[in-house]
Amino acid sequence: MLIPFLIAKIHEARITGANPNYMGSIGIDADLMREAGLREFQKVEVYNITNGKRFSTYTIAAESGSRDIVLNGAAAQLVAVGDKIIIAAYALLDERELNSLSATILLLDETNGVKKVLSGKL
């Protein structure tokens with residue numbers, strides 16, 4: 001049986017831009033994506049801490065070092081610049097995979113810099 005488990009999370013990211021006229025996605029600083037273990041075009045869940053809205057989208061890499069977190073397309077209507085969000089990625093795992101994987105959680109500061117990295121064994 002496959003069970004969904006958290007594998008990557010970016011906690012308290014601040015929205016730096018919203019572009020409803022773009023095709024879709026969430027642009028995330030490529031450095032943050034790499035550190036969290038996220039891949040481009042990976043499905044993620046987004047939880048808006050500021051307004052309580054939740055939605056799914058996919059990742060694209062924003063410029064390395066930019067600290068940008070930009071929502072595009074229809075999801076841009078669900079955020080405002082400055083909102084705090086959580087970005088979470090899940091994987092469907094079986095019992096054999098659980099022992100070899102861990103979740104990576106990035107805790108961000110108010111400028112989208114990494115203030116702490118947590119890692120938890122599944």
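FYI, it's all coordinate maths here, none of it is from the lab. Here the structure is a predicted model, which is why all the values come from computation and not from measurement. Don't worry about glycine lacking a Cβ; one is built from the backbone with ideal geometry, like all the others, and counts go over all protein chains shown.
Quick notes on this one:
- Taken over the chain, lysine pairs spaced eight or more positions apart, or on distinct chains, with alpha carbons under 22 Å apart number 12.
- Within the listed set Val81, Val70, Val46, the residue fluctuating most in the Gaussian network model of the chain (springs between alpha-carbon atoms under 10 angstrom) is Val81.
- Rounded, prolate or oblate (a/c below 1.5 giving rounded, otherwise prolate when a/b exceeds b/c) for segment 3-121 by Cα gyration tensor: prolate
- In order through segment 20-31: 3J(HN,Hα) via Karplus (6.51 cos²θ - 1.76 cosθ + 1.60), integer Hz, x for Gly, Pro: x, 8, 7, 4, x, 4, 10, x, 10, 2, 4, 5
- Between the beta carbons of Ser102 and Gln42, assuming R0 = 22 Å, the FRET efficiency works out to 0.80 to the nearest 0.05.
- Antiparallel bridge percentage (DSSP; both residues within the chain; nearest 5): 75 percent
- When shorter helices are ignored and each DSSP H run of at least 4 residues is given -39500 (n - 2.57), the per-residue value for the chain at 222 nm works out to -2000 deg cm²/dmol.
- Residue order, fewest to most surrounding Cβ atoms within 10 angstrom, among Ile105, Ile10: Ile105, Ile10
- Between the amide H of Asp83 and those of Ile15, distances stay under 5 Å, these residues lying 5 or more places away or on another chain, with hydrogens modeled in the peptide plane.
- Using the Karplus relation 6.51 cos²θ - 1.76 cosθ + 1.60 with θ = phi - 60°, the per-residue 3J(HN,Hα) values for segment 79-87 come to 9, 9, 4, x, 4, 9, 10, 10, 10 Hz, with x marking Gly and Pro.
- Lys, Arg +1 and Asp, Glu -1 on Cβ, resulting dipole of the chain about Cα centre, debye, nearest 20: 200 debye
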